[in-house]
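So the structure is just underneath, and the comments pick up after that.
The values are calculated or read from the model by the stated rules, or taken from the named source; none is laboratory data. On a predicted model such as this, the values are computed, not experimentally measured, just so you know. Here the Cβ positions follow ideal geometry from the backbone for every residue, glycine too, while neighbour counts run over all protein chains shown. Surface accessibility is based on the protein's heavy atoms, side chains included, excluding ligands, DNA and RNA. Shrake-Rupley method; radii C 1.70, N 1.55, O 1.52, S 1.80 Å.
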Amino acid sequence: MTDNPLLGTWRVLSFTRWNKQGVASRPVGETPTGYAVFDATGHAFIQVGRSPTDGGFPDEIAKSLMCYFGPYTISGHKLMVTVESSTIADYLGSVQERTFEISGDTMTVGTPGQYQAKLQRVL
């Protein structure tokens, strides 16, 4: 994966989801916590959840965690992760395809009309 623009660790800054009517929501709060790690062996580790600083009971915070991992490939501005395991049942055994844009140390990644995350490179 030479010249891989995703390589490294990215911290989640925001996570927005849109419903079928186009209404936006922040399912893991206004200040989510999490990381996306893309390693040099071609494996991705994605984790995002509600931050304890957003309030709520510990069990609500724990249940908000969404994560998946598996090998990834990139083609142009498309990222494909072959999900080996996940806390999201529908992702198990699937290929999750996302578009991404990188500007400096900031990445916007998502599926148009469904969700968008903003991340900042930390390593």
* Rounded to the nearest 20 Debye, what is the dipole magnitude of segment 70-123 about its Cα centre when Lys and Arg each give +1 and Asp and Glu each give -1 at the C-beta? -> 120
* Asked: Residues of the chain: accessible area per residue at 1.4 Å, in Å²?
  -> 58
* Asked: Magnitude of the Cβ-charge dipole of the chain, K/R +1 and D/E -1, about the Cα centre, nearest 20 debye?
  -> 260
* Compute the relative contact order of the chain as a whole-number percentage, counting only Cα pairs closer than 8 Å that sit 6 or more residues apart in sequence. => 25
* To do: For every helix of n ≥ 4 consecutive DSSP H residues, a contribution of -39,500 (n - 2.57) applies; sum these over the chain, divide by its total residues, and give [θ] at 222 nm rounded to the nearest 500 deg cm²/dmol.
  => -1000 deg cm²/dmol
* Asked: Leaving out ligands, DNA and RNA, what percent of the accessible area of the chain is carbon and sulfur, probe 1.4 Å?
  -> 56
